[in-house]
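> Provided herewith is a single structure, encoded as structure tokens, for subsequent inquiry.
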Amino acid sequence: MPVVFKKGKWNPETEVLESRHEIERCGTSNEPIYNCCVRCNTRNLIRAVETKNYGLFKSLVYDLKNIPTLFQPWSDDTNVVPFSLILEKGDTKMMEIMLDIKGLMKSELNSKDDQLREFYLTNRVKPK
């Protein structure tokens with residue numbers, strides 16, 4: 001017999017999912033999973049960081065058409081951000097991937113800040 005639900009009361013049969021459940025469900029695929037909106041596409045970055053998938057992470061950093069930002073939290077109620085996860089884990093290889101832009105020469109250090117800003121903020125797809 002179905003349980004009678006009351007407005008404002010939590011359904012005890014509802015399972016609360018965390019980010020690790022989503023990461024486990026998607027697995028360690030090398031392909032990005034774009035099954036929702038542009039804003040949700042950034043969850044691929046967290047999945048890549050959690051599974052230490054460097055190939056996926058690099059492809060997402062340079063995907064300007066599907067990834068709007070590299071600093072999007074997992075959801076509104078969490079502060080899980082790819083950049084902070086990289087720092088927590090001390091993953092220097094991912095940090096190098098994130099900060100090494102294709103075509104940026106070592107001799108162009110004066111304009112590096114402008115190029116980083118343009119790469120991470122300006123040229124990316126905008127969420128609707």
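The values are calculated or read from the model by the stated rules, or taken from the named source; none is laboratory data. Computed from a predicted model, the values in this text were never measured in an experiment. Note that each Cβ is placed from the backbone with ideal geometry, even for glycine, and that neighbours are counted across all protein chains shown.
> Which residues, taken from the range 81-102, are part of a loop (DSSP other than H, G, I, E, B) and surrounded by 12 or more Cβ atoms within 10 Å (Cβ to Cβ)?
Within the range 81-102, 81, 91, 101 meet the criteria.
> Can you tell me which residues in the range 55-77 are touching a Lys or Arg at 6+ places or on another chain (Cβ under 6 Å) and either assigned to a helix (DSSP H, G or I) or buried (at least 16 other Cβ atoms within 10 Å of the Cβ) (or both)?
68
Results for (1) on the phi < 0 side of the Ramachandran plot; (2) of a type in the set (D, E, K, R); (3) out of contact with any Leu (no Cβ under 9 Å at 6 or more places or on another chain); (4) at pLDDT below 85, shown as yes or no for each residue.
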| position | (1), (2), (3), (4) |
| --- | --- |
| 55 | yes, no, yes, no |
| 84 | yes, no, yes, no |
| 106 | yes, yes, yes, yes |
| 119 | yes, no, no, yes |
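> Select from the range 38-53 the residues that are modelled with pLDDT under 85 and part of a loop (DSSP other than H, G, I, E, B) and write down the one among them that is surrounded by the most Cβ atoms within 10 Å (Cβ to Cβ).
Checking each candidate, the answer is 38.
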